[in-house]
Amino acid sequence: MKKFVLGLGCGLVIAGSSVAFASDAIQALLFPAHFEINGNTISLNDDYKVLNVDGHAYVPIRFVAEQLGATIDYDQEQQKIFVENRKLSLSDPNYKGLHVGNLILTKDGSNTKVTGQLQIEGVGSITNAVEATLVFYNDNSEQIGEVAIHGDDFGVDAKTFVSEGLGDFRTYSTVNLHVGNVNGHIISAAPVIVYENEKNNFTLNLPKSWQGKYDVAEAIDETSKFVNISFIDIANKEYGGVVFSIGIQTKEDWSRDGQTAMEVGHISKIGELGNKVFTISTPGDVQYDPHNEELTAEYQSMSKFVNTIKTSFHANVNLTDNEVKDILSQLIPKAADVYGMFNGSGWFKVDETKTIPGENEYCLVIDEAWKTDIDTSSVRSIADLKNVVEGVFTKDIAQKLFLAHYLEVKDAGLPLYKDYEGRLYVNTNNGGHGWARKFQIETAKIKSQKNQVVEITFDATSYDDPEGTLIITIEYVNGKWLMASGLDDYESRITGPF
């Protein structure tokens with residue numbers, strides 16, 4: 001056997017990433033082994049080697065994983081190798097026989113790389129063209145990412161695919177599969193009916209095929225005040241018939257018991273509203289007559305839609321004027337501070353001795369200049385700046401009002417903030433102007449509210465003179481209220497614009 005030494009500088013290549021050995025050196029021997037996996041003799045290609053280190057055989061994990069039919073990938077940020085080799089369980093209820101699974105999500109720059117497998121039942125040796133989409137959701141039933149799957153060689157054997165989506169959605173809670181096209185045949189989504197629970201302020205999209213086939217039963221625990229709303233297959237009601245249940249509890253109870261509940265039962269969080277947490281669960285026992293083929297098929301045809309029903313959940317706000325005033329008393333000062341952060345260069349302390357080469361007007365940000373309602377003391381990069389803005393405004397409004405105008409070059413102007421070598425610099429030649437507007441939050445009234453969006457009117461003054469009635473929109477996103485509009489949309493302006 002050939003003997004060689006692996007030094008500290010030697011890299012172990014996994015998915016294009018280099019990992020250094022922790023020790024100064026290890027001694028290894030080439031180990032000329034052959035592989036028989038599940039009765040099949042498999043030859044290593046020249047890219048792989050088997051090593052003998054201290055009497056232990058070290059085999060290339062990617063080679064072994066792929067030969068066993070698994071997916072494998074490496075996440076550089078987490079320094080973790082992922083291997084998945086389970087039954088492909090994800091399906092589109094509108095298309096029978098196509099399954100996806102063994103998903104691995106890894107970070108690829110600012111995007112997410114998705115590795116998975118797809119197979120189609122009952123097609124023999126025929127290869128098939130497939131176009132599909134994976135949509136990823138957080139635990140508030142909000143879409144946080146998606147990737148496309150497309151190829152023309154999918155068949156009865158699980159085939160690995162790799163795709164990429166915008167943003168980082170590795171910590172997703174739920175994923176849905178939508179099959180769009182198979183061999184040129186367009187697959188249409190099933191029509192839905194909207195179930196609205198006015199008492200508990202939420203809606204769900206149920207498949208239209210459920211119409212007349214389901215019943216809803218509500219029970220309340222008088223001690224804990226836990227609300228359980230069961231959706232029941234009428235045909236199997238004699239045997240239980242529960243297809244899924246919506247649970248409603250306080251945030252305090254969920255914070256205390258939620259993790260344990262998810263570990264021991266078929267339960268997951270799907271949304272929040274105020275002090276309420278909404279969950280969805282499926283039964284842990286048989287809820288239909290397994291000896292009756294017709295009843296079994298009926299129940300299974302309904303239960304296959306649970307995953308898509310889950311992500312259709314919307315909590316509908318039902319605020320009072322006083323509750324809106326409480327929200328605005330916290331949110332408006334923060335929104336005004338965000339405007340201030342982009343109103344000239346005075347928001348941050350800078351080191352004038354450190355500038356961008358060739359652009360001396362841009363100085364390094366080292367701290368915030370004063371304490372305000374938003375914490376900017378740790379802002380040191382463009383990413384930090386975006387996080388502050390998106391902690392007050394929804395992402396689309398943050399981009400429209402601030403990020404697109406002050407972080408990007410517009411016409412012949414210069415951006416207020418720039419990134420250089422991962423650090424934040426501000427254009428110190430931008431003087432800005434004062435802010436004389438006052439918001440009369442005590443005059444706030446709800447104009448409209450639907451789902452998780454509330455439109456509000458209240459008065460504003462400029463230099464203590466009446467300026468008009470301001471219209472703003474707030475939205476409940478991922479457990480918190482955010483500004484979904486600017487602070488300059490007036491219903492009736494009495495004086496000229498400030």
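The values are calculated or read from the model by the stated rules, or taken from the named source; none is laboratory data. Bear in mind that the values here come from a model prediction, so they are computed numbers and not experimental data. Here the Cβ is made from the backbone with ideal geometry for all residues, glycine too, and neighbour counts use every protein chain on show.
It is to be established whether one or more residues within the stretch 91-107 are touching a His at 6+ places or on another chain (Cβ under 9 Å) and in a strand (DSSP E or B).
Taking every residue of the stretch 91-107 in turn, at least one turns out to be touching a His at 6+ places or on another chain (Cβ under 9 Å) and in a strand (DSSP E or B).
Condition first: assigned to a loop (DSSP other than H, G, I, E, B) and surrounded by fewer than 21 Cβ atoms within 10 Å (Cβ to Cβ). Now tell me which residues in the stretch 377-399 satisfy that.
Those that are assigned to a loop (DSSP other than H, G, I, E, B) and surrounded by fewer than 21 Cβ atoms within 10 Å (Cβ to Cβ): S377, S378, R380, S381, E390, G391, T394.
If you take the residues of the stretch 411-438 that are part of a strand (DSSP E or B) and modelled with pLDDT under 90, which of them is surrounded by the most Cβ atoms within 10 Å (Cβ to Cβ)?
R437
Among the residues of the stretch 99-106, are any among the small types (G, A, S), outside the structural domain of L273 (by TED's automatic domain parsing) and buried (at least 16 other Cβ atoms within 10 Å of the Cβ)?
yes
Confirm whether Y137 is assigned by TED's automatic domain parsing to the domain that holds P93 and crowded, with 16+ Cβ neighbours inside 10 Å.
yes
Please find, within the stretch 193-209, the residue that is farthest from F136 (Cα to Cα) out of those that are modelled with pLDDT under 95 and buried (at least 18 other Cβ atoms within 10 Å of the Cβ).
Ranking the qualifying residues of the stretch 193-209, first place goes to N201.
Take the residues in the stretch 327-359 that are of a type in the set (D, E, K, R) and assigned to a helix (DSSP H, G or I); name whichever of them is farthest from the chain's Cα centre (by Cα).
Ranking the candidates gives D337 first.
Matching residues to (1) loosely packed, with under 14 Cβ neighbours inside 10 Å; (2) within 24 Å of the chain's Cα centre (by Cα); (3) not assigned by TED's automatic domain parsing to the domain that holds N275:
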residue	(1), (2), (3)
Y214	no, no, no
A219	yes, no, no
G241	no, no, no
G247	no, yes, no
K251	no, yes, no
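Report every pair of residues separated by at least 6 positions or lying on different chains whose Cβ atoms are under 6 Å apart, first residue within the stretch 362-384 and without any contact (Cβ under 8 Å) to a residue 12 or more places away in the chain, second part of a strand (DSSP E or B).
Partner pairs satisfying both residue conditions: S377/E368.
Considering (1) assigned by TED's automatic domain parsing to the domain that holds I280; (2) out of contact with any His (no Cβ under 8 Å at 6 or more places or on another chain), say which one D157 fails and leave the rest.
The single condition D157 does not satisfy is (1).
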